[in-house]
Amino acid sequence: MTFHQFAYRNVVRNIRIYAAFFMASFFSVFVFFIYSMLVFHPKIENGFLGTVPIFWMVIAEIILVLFSWFFIFYSMKAFLEARTREFAILLHLGMERRQLSKLVFLETIIIGTISIMFGILFGYAFSKFFFMIVREILMLDDLPLYFSWEPFVLTIAVYLSAFIFISLFSVHFAPERKIIDLMTGSKNVHVNVLYMKRKAIIGIVFIMVGYILALLTTRTTLFTFTMFIPILITIGTYYFFSDTAQFIVDRVKNKKQVYWKKSRMLPIAEQTFILKNNGKMFFVVTLVSTLAFLSVGLLAALSSYTSQYDTLNPLGLIYKGHINNPYEDEHIASIVSELEEKGLSYHLTSFTVLKQTSSTTGYGVEVFKESDVNNLLFSYGYPMVRLSQGQGMFIPYSEDAINDLSEKVVHTVLLENNVSIKIDQVYPKLIFPSSIVGLNSIIISDEDFKKLIHPYNGFPEFEPGYHLFTFDIPQWIETKEIGLPIQQKVAQEYLKDDYLLPYYFENAGLNYSYLLSAYSLFTLVGLLVAAVFLLAAGSFIYFKLHTNLDSEKRKFDVLKRMGISDGELKKLVTKYLFPQFFLPWGVALIHSLFAFIALQNILENIANISIVKELVLAFGFLIAIQVTYFYLIRWRYIAHVRD
């Protein structure tokens, strides 16, 4: 038998040991290949993702590559640790370490090649189903399966080089250990269970400071806090698993009424060694799980915004300009012409909005005429406004504002023209997007509006009012090409320090196409990345358990000889495995929750959007997956220790 045949038969005969490494490699190749099939799809050339550049999809694929390499590298380390006794026997029988390195390299290449082949095969078979999902998400007419050499060559090149590099690195840079240490495995490994109380406290303090900053995050502090919060949380998490967790377990062990009760002593005592031996692994699992939770949570937040976009933006097109805007007639005529060319029905409402000073606040207030507002409400099919002379009505700028203003009664005087107004009601629905209407906007009767003959006190330094043209378009999704030259000028002006144009234009259909493209991209990338992260997080723990399976089996054999029942064995295994699975995932979940509390505060201030419902559903789904995965691993673990 040749050396190459020995390596091949070694793989075939030890399929249980190699299975975990093969599955990790297979799944990484599988995800990368189907994503590559999407990146190289011919419809990319026609811009099926709208305006989202291919650059960001390439960046996402690079992230997948880097993480997949790290995932395979960690799997390789666990794979080698699980075979220490086998290596010890080969070295004891006279195999040179150079030959052992060659054997590991050949076996890794065999497993890697098989995982690449199966990953590409299953990936291509699954691509049609994946494209069907993508087609529904992007609302495309067709996204057919295709055959091209680029995804195949890229996947083979990336992962074959990964297996070659990782196998060489793992073997040549691994510390040499004596044969007796390899033979006994982890049984004689010295475990230092000491911890530093100072570091334990630092871990908690850093995490709590990060949480407090997340709660205090606003639009103005977003950039500054996002620079510091990840650093604080990362350092705090590392110290939490290296010292804080052991500090907590030590405090529990000192409470005899808790520690000595029933069978708690065995799993609690074991956690001391588990936390010290696996602290770095728990730290990695926590960070990876946090990334997975954040990926899915961001998708939920984007889904919430897209689902509420129609309510938050009731108008298809909005044109707003100064009263003396010289481009007004030309722009409105151009927009109307384009709408009629596309055959889109619309209802045009023109407003003259005047600015006045309120005697109650001393600040400016935007005043709308009752008949203008009713013209728009008629198009919406909403109830009309009915105001008597001297009466006013608040215009809500958000859903929350409707509740806040409903019980508010204001007696004010529009100072420039000495018009007394009593405002004791708010319109019960959103009429304008929050980006258009001011925080202090009211509707008054036509009789009172005619009295506003004197301009705003701030004129001419400040505009005394503006003209507003609203286009209520039932098929507003199809308006993304309407008024593009105007939209481009507005966008270019926004990039400058000062906005000097005498007009503003907003196209809901165009904005929604941008939003939908971004959401579609994040959905495709986020789900794939989250799937890889979640599998990796669970696999890290599974590989570690698999590595120490023989020594753990001996411990449970001793307990069985002492008379432990089958039911008690299951309870002990559950208590033993539960902290290893749910401690890092629980910490990751709490990290993610505080991150999304900060995001919720920002979104509520900017667009009055709630993402609570979507996050509860998303996190509930993730927790269900983790619980299922835990019981699956627990079932296999119990089967192994029973043998």
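The values are calculated or read from the model by the stated rules, or taken from the named source; none is laboratory data. This one's a predicted model, so the numbers in the text were calculated from it and none came from an experiment. Glycine also receives a Cβ, built like all others from the backbone with ideal geometry; neighbour counts cover every protein chain displayed.
Could you give me the residue pairs with C-beta distances under 6 Å whose first residue belongs to the range 631-642 and is more than 14 Å from ARG554 (Cα to Cα) and of a type outside the set (S, T, N, Q), whose second residue is surrounded by 17 or more Cβ atoms within 10 Å (Cβ to Cβ) and modelled with pLDDT under 80 wherever it lies, and which are 6+ apart or on separate chains?
Close Cβ pairs (under 6 Å, with a partner that is surrounded by 17 or more Cβ atoms within 10 Å (Cβ to Cβ) and modelled with pLDDT under 80) amount to ILE633/TYR542; ARG634/LEU577.
In the set ILE602, ILE597, which member is at pLDDT below 70, surrounded by fewer than 17 Cβ atoms within 10 Å (Cβ to Cβ), part of a helix (DSSP H, G or I) and in the same structural domain as LYS570 (by TED's automatic domain parsing)?
Numbers: ILE597 fails: at pLDDT below 70.
None of the other options fit; the residue is ILE602.
Would you mention how many residues in the range 456-487 are among the hydroxyl-bearing types (Ser, Thr, Tyr) and at pLDDT below 85? Explain how you work it out, then say what you get.
Step one: filter the range 456-487 for residues among the hydroxyl-bearing types (Ser, Thr, Tyr), giving 456, 466, 470, 479.
Those left that are additionally at pLDDT below 85: 479.
Qualifying residue count, the range 456-487: 1.
Considering the range 347-406 alone, what residues qualify as being more than 19 Å from LEU315 (Cα to Cα), among the basic types (Lys, Arg) and surrounded by 18 or more Cβ atoms within 10 Å (Cβ to Cβ)?
LYS355
Within the bounds of the range 405-414, is there any residue that is of a type in the set (Gly, Ala, Ser), in the same structural domain as THR470 (by TED's automatic domain parsing) and without any contact (Cβ under 8 Å) to a residue 60 or more places away in the chain?
Scanning the range 405-414 turns up at least one residue that is of a type in the set (Gly, Ala, Ser), in the same structural domain as THR470 (by TED's automatic domain parsing) and without any contact (Cβ under 8 Å) to a residue 60 or more places away in the chain.
Results for (1) in a loop (DSSP other than H, G, I, E, B); (2) surrounded by fewer than 17 Cβ atoms within 10 Å (Cβ to Cβ); (3) in the same structural domain as LEU387 (by TED's automatic domain parsing); (4) not basic (Lys, Arg), shown as yes or no for each residue.
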site: ILE436; (1), (2), (3), (4): yes, no, yes, yes
site: ILE442; (1), (2), (3), (4): no, no, yes, yes
site: GLU447; (1), (2), (3), (4): no, yes, yes, yes
site: HIS454; (1), (2), (3), (4): yes, yes, yes, yes
site: GLY458; (1), (2), (3), (4): yes, yes, yes, yes
site: PHE462; (1), (2), (3), (4): yes, yes, yes, yes
site: HIS467; (1), (2), (3), (4): no, no, yes, yes
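Considering the range 566-594 alone, what residues qualify as being among the hydrophobic types (A, V, I, L, M, F, W, C) and either within 24 Å of the chain's Cα centre (by Cα) or not in a helix (DSSP H, G or I) (or both)?
Residues of the range 566-594 among the hydrophobic types (A, V, I, L, M, F, W, C): 569, 572-573, 577-578, 581-583, 585, 587-590, 593-594.
Answer for the range 566-594, where residues must be among the hydrophobic types (A, V, I, L, M, F, W, C) and either within 24 Å of the chain's Cα centre (by Cα) or not in a helix (DSSP H, G or I) (or both): PHE581, PHE582, LEU583, TRP585, VAL587, ALA588, LEU589, ILE590, LEU593, PHE594.
Only helices (runs of 4 or more DSSP H) wholly contained in the range 189-289 count here; list those with 1 or more residues that are modelled with pLDDT of 80 or more and polar (S, T, N, Q). Even if it seems obvious, please write down each step before you answer.
Working: elements: 197-215, 222-239, 245-253, 256-259, 265-277.
Here the list reads 222-239.
Within the range 334-386, which residues are touching a residue at least 60 places away in the same chain (Cβ under 8 Å), in a loop (DSSP other than H, G, I, E, B) and not polar (S, T, N, Q)? Outline the logic, then answer.
Quick first cut of the range 334-386, residues touching a residue at least 60 places away in the same chain (Cβ under 8 Å) only: 334-335, 338-339, 342, 344-358, 361, 363-371, 373, 376, 379-380.
Applying the additional criterion that residues be in a loop (DSSP other than H, G, I, E, B) yields 344-346, 361, 363.
Within the range 334-386, LEU344, TYR346, TYR363 qualify.
Taking the condition closer than 26 Å to ILE395 by Cα and at pLDDT 90 or above, does VAL336 pass? Write out each step before concluding.
Working: closer than 26 Å to ILE395 by Cα: no; at pLDDT 90 or above: yes.
Judged against the criteria, VAL336 is not a match.
Do you know which of the residues in the range 4-39 that are small (Gly, Ala, Ser) and touching a Ser or Thr at 6+ places or on another chain (Cβ under 8 Å) is modelled with the lowest pLDDT?
Just the residues of the range 4-39 that are small (Gly, Ala, Ser), to begin with: 7, 19-20, 24-25, 28, 36.
Checking which are touching a Ser or Thr at 6+ places or on another chain (Cβ under 8 Å) leaves us with 20, 24-25, 28, 36.
On the way: ALA20: 65, ALA24: 70, SER25: 78, SER28: 78, SER36: 83.
Within the range 4-39, the match that is modelled with the lowest pLDDT is ALA20.
Could you check ASN403 against (1) of a type in the set (S, T, N, Q); (2) more than 40 Å from the chain's Cα centre (by Cα); (3) more than 19 Å from SER358 (Cβ to Cβ) and say which number it fails?
(2)
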